[in-house]
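Visitor: Here it is, the structure in full.
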Amino acid sequence: MNLIQLIYVNIKRMLKDPLKLGLMLIMPVAVIFFVNFIDGGSNGPSPSTIDVAFNIEDSGNLGMEILGAQTKSQWILENDIDMALELLERNEVAIVYNIPKDFTKKINNYQKPIIESYKREEGNAVIPLEMEINNKINELIKEKLLVDKGVISSKDDLYVLKASTLFERHRKTTTGDLHTVTMLLIYFIILGASTIGTELIEFKKKNIISRAVTTPNKTATILGSIALSLLIFQVASNLIVLLLGQKFIGYNIINLHIIVVNLILSSLFSITLSLAMTRIFNNESIGSLITALVAMLTLFLSMFAYGGIYDNAPQFIKNLGKFTPQYWIFDSLEKSILFPNTFIVLLMILALFTAGSYKLKDFVRK
Amino acid sequence: MNIIEVKNVSKKFDDKIVLDNISFTVEEGDIFGLIGPNGAGKSTLINIMTGLLDANNGKVTIGGYDIKKETLKAKEFFGLVPQELALIETVSAYDNLEFFGSLYGLKGKLLKEKISYALDVTGLNEKKKEKVKKFSGGMKRRLNLAAAIMHQPKILILDEPTVGIDPHSRNHIFEFIKGINRDHNTTVIYTSHYMEEVEYLCNNLFIIDEGKEIAYGSKKNVKSMISNNNKVNLKIENITNELIDKIKSIDGVIDCENSHDEIKLLVEDYNFKLEPLLKILENNHSTIRSINVEEPNLEEVFLALTGKKLRD
């Protein structure tokens, strides 16, 4: 099928264009290294930004050991699950962990205790905290086992070894913020709409499109091949950047399929936005500027809507932000969910595509 | 067999008529010239013939297929060399040909072979890896041509292909056009406002001005529209009145003027023969120093038919 061949030559062409390669590949690499640079000062895990309540029912003393996990603030309750759940209900904490009665007993028997968690909604924000709790439990079991079997004389010996051998590994798995990097990449993909729009207008100005229209291809095939090659190029380059980040910076990639789906949605939005803009604007500088402004405006609106750092924004602005694809994409990444977010973003893309689709012949003539 | 038929094509932009009831046919294997000054409607006509614009009235068939209704089939017949360069300047000549070749459905080994062929015939093989933005104007024009011939079309449409290029590239393009027509029987549609190019290349012509047909037919017929007379200039020795009278009596000679050592004849193209003239000069023991036959050129034809010069 000619479409596949056209996609192939378009991707090949983009790979040979230093400007495009720079904007679509080198820019994301710079982003993750920048994030790593500003985040990489500490060797330990980043403090979680959430409020947590621990209800300790443990009859032994090891339950208290996991309270050292870094959180924004902690409620520590003893045998008062009702109070803990009330805090959760009042929205004062985002999650409640219940340390069970047999916590110390199970660890002493080299078994992993089960900690129940209660939360209001699914989300990725607690993953670093839960990884830390999990690591702490593994440490406790390991300490107990090694001391009991006489491998080490006291648990302090374990930390001496750890300081010299496990330090780097530990650092690698916790530094670098995947969430921030992914969101920045998505922002840059959407901002990339201005580059795509510029390319389309350039193609028109340099008569490439008019020449292409005179070849025995449907205009949908010509435009589709350009759009699909941009989609593949953007998604692949950003995925490569993420995987490079995993290898060299060391963050853990969680729910890769959700990241891929959201990268595809962002790229589709970026392409359809650029199509709509090229339909409206004939001058590439103005088109590019307006597209960049739209990308930034929708990003800020989505951040207002998402809350957290812009809590004082008026409610109508927050509501308006929910009409941006970034809001639903970031929400999907945050909560590790695909439905209904994917569906909503696809509808937005479809609306934009309908508004932006045009006959190539008309585009050339304009 | 007619490979292109243009029937009663009209086109308006807003209220301005840019093509007014244009009709002509092109035979397979012909080199057909579409001539007219800038703004005459040549490019609009080419755009309609290649499916880039729709006519308001009339019909264009390419290889028997209606360009409006059976667009893709019709487009398989031709390659277009647009007047404006249509090249991607940020990549190499090879990458450009790979891109445009793919648009004509070429791929894999065949695509590589056709790229090699196009680079060879346009003399760009040595520059294939160089970025197009570094090319001279003439090289860009040749690459513009190469991009249209990779699929070896039955019809090659060239819209002012020699604008702003050096004589070397111009000659290269001329030789290529003659060659592709001779070797592959490719039909060539050549538009230009340079009459000498059209005189050199084309067999049949369509002259257009302000969207209207001015003249159409074989080169000879078009020229005969303004005059069937040629001029013959002779530089000889021993000019006498007796000699002038004898020359005047030759069939087809309309007028004969004596000017110093030169005789200027006005002759009928279809009736005049050189042999009787040469025989009279031989009998008169006249030494012929030069002889020159002047046909009316297309520039004069255009001037006579429209009252203006082509490059006004």
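Quick note: the coordinates plus some simple rules give every number you see, no bench work behind them. Note that the coordinates shown come from a computational prediction; the quantities given were computed from them, not determined experimentally. Positions of Cβ are backbone-derived with ideal geometry, glycine not excepted, and every protein chain shown enters the neighbour counts.
Visitor: Segment B:25-182: Rg/Rh from Cα coordinates, Kirkwood Rh? Walk me through the numbers before you get to the answer.
Guide: Details: Rg = 15.6 Å, Rh = 16.3 Å.
Checking Rg against Rh, the ratio lands at 0.96.
Visitor: Same structure, new question: Just want the ordering: A:His179, B:His184, B:His285, from fewest to most Cβ atoms lying within 10 Å of their own Cβ.
Guide: In increasing order of surrounding Cβ atoms, one gets B:His285, B:His184, A:His179.
Visitor: Now for a different question. Considering every Cα-Cα pair within segment B:229-295, what fraction, in whole percent, is farther apart than 18 Å?
Guide: 24 percent
Visitor: Which of A:Ser336, A:Ala351, A:Ser266 sits farthest toward the positive end of the charge dipole of the protein assembly as shown, with +1 on the Cβ of Lys and Arg and -1 on the Cβ of Asp and Glu?
Guide: Sorting the options by dipole projection puts first A:Ser336.
Visitor: With point charges of +1 on the Cβ of Lys and Arg and -1 on the Cβ of Asp and Glu, referenced to the Cα centre of chain B, which listed residue (B:Leu265, B:Ser43, B:Leu305) lies farthest in the positive direction of the dipole?
Guide: It is B:Ser43.
Visitor: Please rank A:Val241, A:Val151, fewest neighbouring Cβ atoms within 10 Å first, as an exposure proxy.
Guide: Least to most surrounded, the residues fall as A:Val151, A:Val241.
Visitor: Moving on to the next point. So how do A:94-100, A:58-64 stack up, highest first, on mean other-Cβ count within 10 Å?
Guide: By packing density, highest mean first, the sequence is A:94-100, A:58-64.
Visitor: Next question. Per-residue Cβ counts within 10 Å, from other chains only, averaged over B:84-90: what number is that?
Guide: 6
Visitor: What residue among B:Glu196, B:Glu242, B:Glu295 shows peak mean-square fluctuation when chain B is described by a Gaussian network model with Cα springs under 10 Å?
Guide: Result for chain B, Cα springs under 10 Å: B:Glu242 fluctuates most.
Visitor: Now, a different point. If you count, for each residue, the other Cβ atoms within 10 Å and average over each peptide, how do A:272-278, A:223-229 line up from highest to lowest? Can you show the working numbers first?
Guide: Numbers: A:272-278: 25.1, A:223-229: 20.0.
Averaged packing, sorted descending, gives the order A:272-278, A:223-229.
Visitor: Related question: Evaluate the distance, in nm, between pseudo-label points positioned 7 Å from the Cα of B:Ile244 and of B:Asp269 along their respective Cα→Cβ axes.
Guide: 2.8 nm
Visitor: Still on this structure, I have one more. Once the dipole of the protein assembly as shown is set up with Lys and Arg at +1 and Asp and Glu at -1 on Cβ about the Cα centre, which of B:Gln152, B:Val91, B:Ile226 lies farthest towards its positive end?
Guide: B:Gln152
Visitor: With the convex hull built on the Cα atoms of segment B:1-102, state its orientation-averaged projected area in nm².
Guide: 8.0 nm²
Visitor: What does the convex hull of the Cα atoms come to per residue for chain B, in Å³?
Guide: 167 Å³
Visitor: Need one word for segment B:87-167: rounded, prolate or oblate. Basis is the Cα gyration tensor (sqrt eigenvalues a ≥ b ≥ c); a/c below 1.5 gives rounded, then a/b vs b/c decides.
Guide: Oblate, because a/c is 1.5 or more while a/b does not exceed b/c.
Visitor: Charges at C-beta only: +1 for Lys and Arg, -1 for Asp and Glu. How large is the resulting dipole of chain B about its Cα centre, in Debye rounded to 20?
Guide: 1420 debye
Visitor: What shape does the protein assembly as shown have by the C-alpha gyration tensor, where a ≥ b ≥ c are the square roots of the eigenvalues, rounded means a/c under 1.5, and otherwise prolate means a/b greater than b/c and oblate the rest? Write down the numbers at each step before the final one.
Guide: Values: a/c = 4.69, a/b = 3.31, b/c = 1.41.
Since a/c reaches 1.5 and a/b is larger than b/c, the shape of the protein assembly as shown is classed as prolate.
Visitor: Nearest 20 debye, what's the magnitude of the dipole of the protein assembly as shown about its Cα centre given +1 on Lys and Arg Cβ and -1 on Asp and Glu Cβ?
Guide: Approximately 800 debye in magnitude.
Visitor: Also, quick follow-up: Can you check what the net charge comes to around B:Lys279, using other residues whose Cβ is under 11 Å from the Cβ of B:Lys279 (Lys, Arg +1; Asp, Glu -1)? If you can, show how the numbers build up before the last one.
Guide: Working: positive: B:Lys246, B:Lys273; negative: B:Glu275, B:Glu282.
Around B:Lys279, the surrounding residues sum to 0.
Visitor: May I pose another question? Pick from B:Thr191, B:Thr50, B:Thr240: which is most flexible by mean-square fluctuation in a GNM of chain B where alpha carbon atoms under 10 Å apart are linked?
Guide: B:Thr240
Visitor: Still on this structure, I have one more. Just to be sure I understand: with springs between alpha-carbon atoms less than 10 Å apart, which residue in B:Asp120, B:Asp20, B:Asp209 has the highest mean-square fluctuation in the Gaussian network model of chain B?
Guide: B:Asp120
Visitor: What does the helix-only formula give at 222 nm for chain B: each DSSP H stretch with n ≥ 4 adding -39500 (n - 2.57), the total divided by the residues, and the result rounded to the nearest 500 deg cm²/dmol?
Guide: Result for chain B: -10000 deg cm²/dmol, rounded to the nearest 500.
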